[in-house]
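Here the structure is laid out as structure tokens; the discussion comes afterwards.
The values are calculated or read from the model by the stated rules, or taken from the named source; none is laboratory data. All values reported here derive from a predicted model rather than from experimental measurement. All Cβ positions, glycine included, derive from the backbone under ideal geometry; neighbour counts span all protein chains shown.
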Amino acid sequence: MTHGPSSPSEPPRVSVVILNYNGAPWLERCLASIREQSVFDRIEVILADNCSTDGSDRLAADLIRDWPNAQFIQHGHNLGYCEGNNRAALHATGLFLFFLNNDTWLEPDCLEVLLAGVAQSGAAAAMPLVLNYPDNSFQSLGAAGFDLFGLASRHPPFDGVREVLMPEGCAYLIDRQLFESIGRFDSTFFMFADELDLSWRVWIAGYRAVAVPASRLHHRGAAQVNPKGGARTAEFRTSDTKRFYANRNALLVLLKNCQGLLLLLVPLQIALLLVEGLVGLAILRRWSFMKNTVLRAVLDCWNLRGHITRERTLIRKIRRRGDLWMLRFFRLRLNRLDELTRVFRFGLPRVSER
């Protein structure tokens, strides 16, 4: 099902790209909030499905069936976050792409205010203020920079449009031509750390990313991995699979994008992963956790050395800023403080093997 934009004489301002996978509990509110956007007549919606098994693919197609500016795409199998969004974006005609998770809902002027912030700042990538799903409590304003281990260092709340190293992947706005020119999402990542990788390339290619707190969006977060509690997160749950992708991809971000000096962060990050793996082994009393989340992650980076070399060659062609310039994003606030906060709130994580 495909419908063109409401004004065929000019491209839509924004292409909202929603990748769905088993998102039945979230889709109706998400799509209703898009329909209520103050700039709805200036956007198009591309809703792609990664072969859902909960009927949400049929629900998604039905919910946008009568929209004049929407299309539904069935990928046919689970391509992951990165390639699923890449393929959906191929259908976009907007000046900007807005990658939106299905477990979100937007306040009515979210996109209008976000676009105004981008125009004001001259940035090429941006995000709104991300609030928790059921209320107005703060969740994220992206990453202020990277810590001693090369991991994303989160931003505390702030007012006014401000530069960020990384907009959040749940609501990531980027100039469509730039997205294509810097290589799109790296499909090798599959999921996790993909927005940090993309954002690093935005910056080293000579562009800027900002957060616009006056633009507001609500996000559940980890809806697939940590579903208990409905709209409110009720426990700290993870899996070997999630930790593998998160750990491997965080290393890949550095191995791909760092020019020289910042590659020193790689052994520090590996050391951190080894310590975390040993702690997890002691708590879970399961050797497979160490093997699956740490050793396999490091080994996979070695196995991907050909891919890393090819990516570094491509990045060299777009690079306008080196590691010394990127040092302005170094932050003392450690990424793992957020993990500790969740432990204090919910207790030790529940970890499944898959």
Review point. Can you find a residue in region 1-21 that is farther than 20 Å from residue 175 by Cα and either buried (at least 20 other Cβ atoms within 10 Å of the Cβ) or in the same structural domain as residue 185 (by TED's automatic domain parsing) (or both)?
Key: yes
Revision key, fill the gap. When region 342-354 is checked residue by residue, the ones that are exposed (fewer than 13 other Cβ atoms within 10 Å of the Cβ) and at pLDDT 85 or above are 352
Review point. Of (1) of a type in the set (A, V, I, L, M, F, W, C); (2) part of a loop (DSSP other than H, G, I, E, B); (3) within 21 Å of residue 183 (Cα to Cα), residue 51 satisfies all except one. Which?
Key: (3)
Review point. Among 112, 107, which is touching a Leu at 6+ places or on another chain (Cβ under 8 Å) and among the acidic types (Asp, Glu)?
Key: 107
Check your understanding: Just checking, how many residues over region 150-188 are of a type in the set (Val, Ile, Thr) and either in the same structural domain as residue 333 (by TED's automatic domain parsing) or closer than 17 Å to residue 14 by Cβ (or both)?
Key -> 1
Exercise for review: State whether one or more residues within region 308-322 are without any contact (Cβ under 8 Å) to a residue 40 or more places away in the chain and of a type in the set (A, V, I, L, M).
Suggested key: no
Exercise for review: Give the residue, chosen from 259, 269, that is within 22 Å of residue 201 (Cα to Cα) and part of a helix (DSSP H, G or I).
Suggested key: 269
Review point. So which of 250, 246, 211 is farther than 22 Å from residue 80 by Cβ and not in a loop (DSSP other than H, G, I, E, B)?
Key: 211
Exercise for review: Quickly run through region 214-243 and pick out the residues that are surrounded by fewer than 20 Cβ atoms within 10 Å (Cβ to Cβ) and either among the β-branched types (Val, Ile, Thr) or modelled with pLDDT of 95 or more (or both).
Suggested key: 214, 216, 225, 238, 241
Review point. Is it true that some residue in region 185-194 is in contact with a strand residue (DSSP E or B) (Cβ under 9 Å, 6 or more places away or on another chain), of a type outside the set (Val, Ile, Thr), in contact (Cβ under 8 Å) with a residue 60 or more places away in the chain and not in a loop (DSSP other than H, G, I, E, B)?
Key: no
Point to revise | Positions within region 57-94 being without any contact (Cβ under 8 Å) to a residue 40 or more places away in the chain and part of a helix (DSSP H, G or I), in sequence order | key: 57, 58, 59, 62, 63, 87
Revision key, fill the gap. Flagged pairs (Cβ under 7 angstrom, 6 or more apart or on separate chains; first in region 96-123, buried (at least 17 other Cβ atoms within 10 Å of the Cβ); second among the basic types (Lys, Arg) and assigned to a strand (DSSP E or B)) are 107/216; 110/216
